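Below is one structure, written out as structure tokens; comments come after it.
The values are calculated or read from the model by the stated rules, or taken from the named source; none is laboratory data. Please read all numbers here as calculations on a predicted model, not as lab measurements. Positions of Cβ are generated from backbone atoms using ideal geometry, with glycine treated the same way; all protein chains shown enter the neighbour counts.
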Amino acid sequence: MEAVQAGEPRLRHVETDVLIPKLMREKAKELCSEKVQAFNVCCKDSGFLMVVKCREQNAALKECLTVHYKDPVFFEKCKQEYIQEKLEFQRTGIPAKNRKQKLPASM
């Protein structure tokens, strides 16, 4: 179990085992965007043969993602981002996706 640092809220099991890893996957996909794009292009161009034809792109993508998934510094960074988002939600009651939307110009 993760050690709780001073001043940090206690995280539930679902947060440490589901929600933070989900954030990690999203961020890792952004960091590996070139490999994601290469794999997507290969799959579109290969049709049913993508399993055979896109092995190299798939392996490169998996390697890139795995580097991030296993990085304790990356986990900590994502955990801190999650905690900040959680605290902001508790403070405002507004989910992040609603906070990030731009207000209409007529307001």
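Name the residue that is farthest from residue 11 (Cα to Cα), counting only residues in segment 63-88 that are basic (Lys, Arg) and in contact with a helix residue (DSSP H, G or I) (Cβ under 9 Å, 6 or more places away or on another chain). Lay out the reasoning, then the answer.
We begin by selecting, within segment 63-88, every residue basic (Lys, Arg); these are 70, 77, 79, 86.
Pick out the ones that are also in contact with a helix residue (DSSP H, G or I) (Cβ under 9 Å, 6 or more places away or on another chain) and you get 77, 79, 86.
Details: 77: 15, 79: 10, 86: 10 Å.
Per the stated criteria, the residue is 77.
Condition first: in a helix (DSSP H, G or I) and of a type outside the set (A, V, I, L, M). Now tell me which residues in segment 44-56 satisfy that.
Initially, segment 44-56 is screened for residues in a helix (DSSP H, G or I), giving 44-53, 55-56.
Passing the criteria: 44, 45, 46, 47, 48, 53, 55, 56.
Between residues in segment 1-29 that are at pLDDT below 95 and residues that are acidic (Asp, Glu), which pairs lie under 9 Å by C-beta distance while being six or more apart or on different chains?
11/2; 16/2
Please go through segment 7-24 and give me each residue that is of a type in the set (Asp, Glu) and not in a loop (DSSP other than H, G, I, E, B), ordered by number.
Those that are of a type in the set (Asp, Glu) and not in a loop (DSSP other than H, G, I, E, B): 15, 17.
Filter segment 30-80 down to the residues that are of a type in the set (A, V, I, L, M) and within 28 Å of residue 18 (Cβ to Cβ) and list them by number. Outline the logic, then answer.
Within segment 30-80, the subset of a type in the set (A, V, I, L, M) is 31, 36, 38, 41, 49-52, 59-61, 65, 67, 73.
31, 36, 59, 60, 61, 65, 67, 73, listed by residue number.
Out of all the residues in segment 25-43, which are hydrophobic (A, V, I, L, M, F, W, C) and either outside any helix (DSSP H, G or I) or within 15 Å of residue 77 (Cβ to Cβ) (or both)?
Of everything in segment 25-43, those that are hydrophobic (A, V, I, L, M, F, W, C) and either outside any helix (DSSP H, G or I) or within 15 Å of residue 77 (Cβ to Cβ) (or both) turn out to be 28, 31, 32.
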